[in-house]
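As structure tokens, the structure follows; a few thoughts come after it.
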Amino acid sequence: MLEQFSLLDNITCKSMMGEYLLYYNNILFSGIYDDRLLVKVVDGNKKYNMKESIPYDGAKSMYLVDDIDNRESLKKIVIDTCKDLPKKK
């Protein structure tokens, strides 16, 4: 799945309890949960009309990225999501 982010530099992945957290320029924006790519819900990515999904019990709702094969669209979603998120400390 990480190959789908090839249009972006500085994508990193961290394994966490059997799932994966994704960072862009040290900003946590997404995760891979049960083979689903989910991104955080922010004002900047609402325009993509993605379905909301719960990554795991007790977690906040996130947006499900259905079309992970469209690299250009994925790039736009990542950039728009990260604009509204704080950098990792």
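Only one of the listed residues (Tyr24, Tyr56) is of a type in the set (Ser, Thr, Tyr) and buried (at least 19 other Cβ atoms within 10 Å of the Cβ). That residue is Tyr24. Taking the chain as the region of interest, the strands (runs of 3 or more DSSP E) fully inside it that hold 3 or more residues being of a type in the set (Ser, Thr, Tyr) are 19-24. Total residues in segment 47-73 satisfying the condition of being over 22 Å from Leu2 (Cβ atoms) and either aromatic (Phe, Trp, Tyr) or in contact with a helix residue (DSSP H, G or I) (Cβ under 9 Å, 6 or more places away or on another chain) (or both): the figure is 1.
There is at least one residue in segment 30-39 that is touching a helix residue (DSSP H, G or I) at 6+ places or on another chain (Cβ under 6 Å), buried (at least 17 other Cβ atoms within 10 Å of the Cβ) and free of Cβ contacts under 8 Å to residues at least 60 places away in the same chain. Contact map, segment 63-82: residues that are among the hydroxyl-bearing types (Ser, Thr, Tyr) paired with residues that are open to solvent by 60 Å² or more (accessible area, probe 1.4 Å), Cβ distance under 9 Å, separation 6+ or inter-chain. Pairs shown: Tyr63/Lys40; Tyr63/Lys46; Tyr63/Tyr48; Tyr63/Lys51; Tyr63/Glu52; Ser73/Tyr48; Ser73/Asp67; Thr81/Lys40.
The values are calculated or read from the model by the stated rules, or taken from the named source; none is laboratory data. Nothing here was measured: the structure is a model prediction, and the numbers come from that model. Because the Cβ atoms are built from the backbone with ideal geometry, glycine has one as well, and the counts that use them run over all protein chains shown. Just the protein is used for accessible areas: all its heavy atoms, side chains included, with ligands, DNA and RNA removed. Shrake-Rupley method; radii C 1.70, N 1.55, O 1.52, S 1.80 Å.
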